[in-house]
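I have placed the structure first, in the form of structure tokens, so that the comments after it can refer back to it.
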Amino acid sequence: MGKYEILLWDVDQTLLDFEKSQEYALFECFKQYGRTADQKILSLYAEINTSFWKRYELGEITKPQLLTGRFATLFSRLGIEDISPKDFQAVYQKALGSVFYFRDDADQLCSKLKGIVRQYAVTNGVSSTQRNKLHLSGLDQIFDDIFISEEIGAPKPQLQYFEACFRKIPDFRKDKTLIIGDSLSSDMQGGNAAGIACCWYNPEGKENPTGLKIDYEIRNLWEVEELLSWQKAPTRN
């Protein structure tokens with residue numbers, strides 16, 4: 001058995017292309033409200049959405065404040081007064097959970113690793129949305145369990161979230177666990193706080209200005225398979 005026996009997979013923008021799903025959901029929602037969204041609106045929303053999620057990760061706002069606040073801010077910036085942020089959020093969330101796009105053929109990778117290592121989803125996404133996407137994608141049939149912050153009661157990167165996950169994993173050992181994710185502030189920060197090895201999925205080759213401990217940095221998810229093979233114990237004759 002290799003060094004790592006437990007993989008904690010981030011979902012959005014790691015296994016699944018969240019940006020594509022976000023674009024689909026936003027454009028679809030504006031269409032349902034008789035309006036047309038463009039790339040400028042998408043970019044503005046993405047900026048606002050990211051800032052709200054950062055505040056949520058820091059514990060500055062609650063999940064309900066995040067979900068409606070981002071659209072209230074967007075509509076304020078766009079001068080839209082005749083659409084309820086709460087109603088729009090409900091339509092958006094449903095659309096967001098209705099589509100999925102794999103990154104790097106992630107479904108094939110996770111299927112290949114099933115039975116070799118134990119795999120768990122660790123995500124801050126909205127529970128209903130994430131569970132629907134994971135079901136539609138088939139990943140829920142591959143993972144040993146799914147840990148969603150909304151159900152745990154604390155978000156990544158808070159230690160409370162990770163400790164709750166660890167309690168749910170049978171025969172859990174920190175030294176046998178690896179978290180893989182794209183977010184420095186959520187996945188890598190959380191992995192550092194929890195004392196587990198961190199694998200930063202960084203396909204765009206971004207700089208890391210944080211000073212966080214990164215054990216492995218990968219450009220393609222299939223490098224995880226190579227990483228696991230490197231960690232195999234030597235064969236004894």
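A short reminder: the numbers here are calculations on the coordinates, not readings from a lab. Since the model is a prediction, treat every value here as computed from it, not as a measurement. With ideal geometry, Cβ positions are generated from the backbone for all residues, glycine too; neighbour counts draw on all protein chains shown.
Which entries in 40/112; 40/94; 31/133; 112/156; 86/112 show an alpha-carbon gap greater than 29 Å?
From 40/112; 40/94; 31/133; 112/156; 86/112, over 29 Å: 40/112; 86/112.
Taking the Cα centre as origin and putting +1 on Lys and Arg beta-carbons and -1 on Asp and Glu beta-carbons, what dipole magnitude results for the chain, to the nearest 20 debye?
That gives the chain a dipole magnitude of about 380 debye.
Relative to the longest principal axis of the C-alpha atoms of the chain, give the angle of the C-alpha long axis of helix 85-96, reported between 0 and 90° and rounded to the nearest 10°.
The angle comes out at about 40 degrees.
Scattering from the C-alpha atoms of the stretch 18-96 alone, worked out with Debye: what is log10 I(q)/I(0) at q = 0.22 1/Å?
For the stretch 18-96, the Cα-only Debye profile gives -1.06.
Towards the positive end of the charge dipole of the chain, with charges on Cβ (+1 Lys, Arg; -1 Asp, Glu), say which of 190, 88, 75 has the farthest Cα.
190
At 7 Å along Cα-to-Cβ for each site, give me the label-to-label distance between residue 58 and residue 33 in nm.
Placing both labels 7 Å along Cα→Cβ, they lie 2.7 nm apart.
Can you compute the charge dipole magnitude of the stretch 18-96 about its Cα centre, using +1 on each Lys and Arg Cβ and -1 on each Asp and Glu Cβ, nothing else charged? Give it in debye, rounded to the nearest 20.
It comes to approximately 80 debye.
Shape call for the stretch 101-237 from the C-alpha gyration tensor, a ≥ b ≥ c root eigenvalues: rounded (a/c under 1.5), prolate (a/b greater than b/c) or oblate?
It comes out rounded by the Cα gyration axes.
Determine the distance separating the Cα centre of the stretch 47-89 from the Cα centre of the stretch 164-226; give it in Å without decimals.
28 Å
State the volume of the convex hull built on the alpha-carbon positions of the chain, expressed per residue in Å³ and rounded to an integer.
Cα convex hull per residue, to the nearest whole number: 126 Å³.
In what sequence, highest mean first, do 185-197, 203-215, 109-121 appear when ranked by Cβ atoms within 10 angstrom?
Ranking the peptides 185-197, 203-215, 109-121 by packing returns 185-197, 109-121, 203-215.
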